[in-house]
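First comes the structure, then the notes that go with it.
Each reported figure results from applying straightforward, stated rules to the coordinates on display, with no laboratory input. Every value quoted in this text rests on a predicted model; they were computed, and no experiment measured them. We place every Cβ from the backbone using ideal geometry, glycine too, and count neighbours over all the protein chains shown.
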Amino acid sequence: MSADQTQRATRCLVAKVGLDGHDRGAHVIARAFRDAGFEVIYSGLHRAPDEIVQATVQEDVDVLGISILSGAHNTLIPNVIEGLKSYNAFEDTLILVGGIVPEEDTAELKALGVAEVFGPGTAIEETVEFVREHAGPE
Amino acid sequence: MALERLSTEDALLYESLLEGDHSALARVITKIENRTPGYRQLLSALYDQTGNAAVVGITGSPGAGKSTLVDKLTRQYRHNDQTVGIIAVDPSSPYSGGSVLGDRIRMSSSAGDMDVFVRSMSARGRLGGLSMATADAVKALDAFGKDRIIVETVGAGQNEVDIVETAETVVVVVQPGSGDDVQLLKAGILEIGDIFVVNKADMDETAGTVADLEAMIHMDETSSVGAIGGHHGPERTTQNTEPEADDSHAPGDGWTPPVIQTVGTTGVGVDTLRGALEAHRRHLSESDEGMRRRRRRAQTEIQRLLRNDLGTLAETVLEQRGGLESLVASVEHRETDPYAVVERLVEPVETAVNETLETDE
């Protein structure tokens with residue numbers, strides 16, 4: 001018999017990828033997620049897609065939030081998604097993108113498997129709510 | 001033996017983990033952390049494959065440079081083609097239960113290298129339970145086949161002491177000029193350190209901190225060795241029923257904790273630390289200290305599991321008898337007293353236990 005009470009928490013990786021040094025947004029999101037009761041792992045700046053994949057797989061996060069303001073999303077995000085697929089970690093990870101992404105790219109990212117793209121002006125609560133709805137404890 | 005008790009899903013996870021699938025390892029640790037039903041059976045099946053890794057616990061005050069040191073140590077192990085598993089434990093907010101786990105940022109030299117498996121863990125508001133989860137995650141990494149496992153935690157309280165004690169070798173990290181910290185160490189962490197590291201040793205005040213530590217280590221040695229003599233080991237194992245309160249390095253075991261100076265950012269002194277870790281591992285296998293620690297870990301584990309499961313059983317009875325709230329209210333209104341309440345709660349458990357024991361005989 002195992003008489004334990006299940007203790008589930010929503011785990012999120014907040015990641016900065018590529019040569020983009022603007023991390024205020026990522027910090028704000030990390031704090032908001034923490035205050036929402038999530039377990040947040042912050043990647044730090046200037047991560048390569050490989051490193052994001054490694055962290056996502058090893059930490060077994062429910063949510064991967066990628067912050068990009070450099071405009072390189074069309075190159076970097078497909079790389080991350082390919083990596084996740086190769087480790088069999090794509091299906092059970094909710095992928096979110098935050099930053100400056102032109103509308104025509106948004107559709108393409110979503111077709112690749114990104115669940116939502118949050119642009120400038122998005123309310124924090126909206127992001128938290130989205131995570132609660134789509135990656136809450138199963 | 002425990003294999004047939006696994007669900008189909010868990011059996012698959014078990015197979016994949018042993019085959020070296022990283023995401024399977026990650027998912028097993030998630031099950032351990034969440035206490036997903038079936039995780040005990042999974043661990044029970046994996047237990048056979050454990051016992052090969054060298055497990056090191058690293059603790060010290062916030063900002064002492066533990067993560068950076070772990071990063072540099074990992075790089076050296078990787079140079080020698082050894083695989084590494086790291087569990088980084090961070091506190092969680094007592095208010096929201098959430099946490100930001102930032103140790104990973106400092107472990108940059110292993111980034112992208114899958115043979116370094118880094119896992120961040122938070123307390124999730126569970127007292128004591130974290131040390132169980134950590135010990136179990138170490139087992140998963142061990143069964144996976146990691147050569148080296150490092151458990152890193154911010155050290156101060158009993159909880160942290162419990163966590164690092166899941167390791168064979170405990171390293172305590174301090175920074176220069178932390179006179180008060182060193183004073184604090186007296187209160188419990190000094191006894192658990194097998195190796196002391198003064199990190200950031202390029203700062204002034206390094207010599208003073210090293211001297212303080214050495215003085216304390218030698219004081220500790222002379223006072224206890226003189227009083228108890230050579231019978232220390234066996235006496236302790238038979239008389240001590242509370243292993244969590246036991247100190248990890250019993251004075252007189254032939255090991256004097258070294259004080260090592262390092263500069264984590266440049267890597268100076270890290271090879272000395274690696275050498276000391278090797279020396280301590282050798283010491284454990286050559287003396288009976290290693291066996292003594294294994295025995296103590298097993299004892300702690302059995303007692304913890306037992307207490308945990310009995311506690312949950314008690315919760316079930318509690319729920320069934322109207323829940324804690326209503327019982328508290330009845331005591332508050334002086335309708336009854338705490339002793340009578342507990343007696344009434346324990347009664348069904350006691351009866352069941354007695355009946356089982358009778359039929360056993």
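Want the number for B:S326 to B:L357: 0.36 nm per residue separation, take away the alpha-carbon distance, what's left?
Details: separation 31, 0.36 × 31 = 11.16 nm, distance 3.25 nm.
That works out to 7.9 nm of additional length.
Consider just the alpha-carbon atoms of region A:23-78 and return their Rg together with their Dmax, both in angstrom.
Values for region A:23-78 (Cα only, Rg and Dmax): 11.6, 32 Å.
Taking the 0 to 90 degree range and rounding to the nearest ten, how far is the long axis of helix A:73-86 tilted relative to the main principal axis of chain A, both from C-alpha atoms?
Its long axis makes an angle of about 40 degrees.
When the helices in the protein assembly as shown are scored as -39500 (n - 2.57) per DSSP H run of 4 or longer and the sum is shared across all residues, what 222 nm value do you end up with, to the nearest 500 deg cm²/dmol? Walk me through the numbers before you get to the answer.
Numbers: 19 runs with 253 residues, N = 499.
Calculated at 222 nm, the ellipticity per residue is -16000 deg cm²/dmol.
How shielded is B:8-21 by partner chains, expressed as the average number of their Cβ atoms within 10 Å of its Cβ atoms?
Details: counts 0, 0, 0, 0, 0, 0, 0, 0, 1, 0, 0, 0, 0, 3.
Across B:8-21, the average partner-chain Cβ count within 10 Å equals 0.
Report, as an integer, the average count of C-beta atoms from other chains found within 10 Å of each Cβ along B:25-32.
So the per-residue partner count for this stretch is 4.
Given the Cα-Cα distance of B:H79 and B:T272 and 0.36 nm per residue of separation, how much length would full extension add, in nm?
Numbers: separation 193, 0.36 × 193 = 69.48 nm, distance 1.55 nm.
Gain on stretching B:H79 to B:T272: 67.9 nm.
Send over the semi-axes of region B:303-361's equivalent ellipsoid, whole angstrom and largest first, taken as the square roots of 5 times the C-alpha gyration tensor eigenvalues.
Computed over region B:303-361, the values are 25, 14, 9 Å.
Between B:M291 and B:T8, what's the calculated FRET efficiency when r is the beta-carbon distance and R0 is 41 Å? Round to 0.05.
Numbers: r = 39 Å, r/R0 = 0.94.
That pair, B:M291 with B:T8, gives E of 0.60.
So what is the relative contact order of chain A, in percent, for Cα pairs below 8 Å that sit 6 or more residues apart? Walk me through the intermediate numbers first.
Values: 210 pairs, mean separation 35.2, N = 138.
Contact order relative to length: 26 percent.
Arranged from highest to lowest average of other beta-carbon atoms within 10 Å per residue, in what order do the peptides A:67-80, A:118-131, B:335-348 appear? Don't skip to the answer; put the middle values down first.
On the way: A:67-80: 19.4, A:118-131: 14.0, B:335-348: 12.1.
Listed from highest to lowest mean packing, they are A:67-80, A:118-131, B:335-348.
Suppose we take every Cα in the protein assembly as shown and form the convex hull; what volume per residue is that in Å³?
On the way: hull volume 94.6 nm³, N = 499.
Hull volume over Cα atoms, normalised by residue count, gives 190 Å³.
Quick one: dipole size for the protein assembly as shown, taken about the Cα centre, charges +1 on Lys/Arg Cβ and -1 on Asp/Glu Cβ, in debye to the nearest 20.
On the way: 44 positive and 82 negative charges, 184 e Å.
Roughly 880 debye for the protein assembly as shown.
Applying 1/(1 + (r/R0)^6) with R0 = 25 Å to the Cβ-Cβ distance of B:V349 and B:T50, what FRET efficiency is obtained, to the nearest 0.05? Walk me through the numbers before you get to the answer.
Numbers: r = 33 Å, r/R0 = 1.30.
My answer for the efficiency is 0.15.
Using the Kirkwood radius over C-alpha pairs as Rh, can you work out the diffusion coefficient of region B:1-49 via Stokes-Einstein at 37 °C, viscosity 0.692 mPa s, in µm² per second? Before the final figure, lay out each step's value.
On the way: Rh = 10.5 Å.
For these conditions, the coefficient is 313 µm²/s.
Estimate the FRET efficiency between B:A298 and A:A72 by the formula 1/(1 + (r/R0)^6), using the beta-carbon distance for r and 35 Å for R0, to the nearest 0.05. Don't skip to the answer; put the middle values down first.
Details: r = 52 Å, r/R0 = 1.50.
Once the sixth-power term is evaluated, E becomes 0.10.
Averaged across A:50-58, how many Cβ atoms of other chains sit within 10 Å of each residue's Cβ atom? Intermediate values should be presented prior to the final figure.
Numbers: counts 4, 6, 2, 2, 10, 7, 2, 8, 14.
Mean inter-chain Cβ contacts per residue within 10 Å come to 6.
So for each of B:322-331, B:288-297, A:32-41, B:30-39 I average, over its residues, the number of other beta carbons within 10 Å; can you give me the resulting order with the highest mean first?
A:32-41, B:30-39, B:288-297, B:322-331
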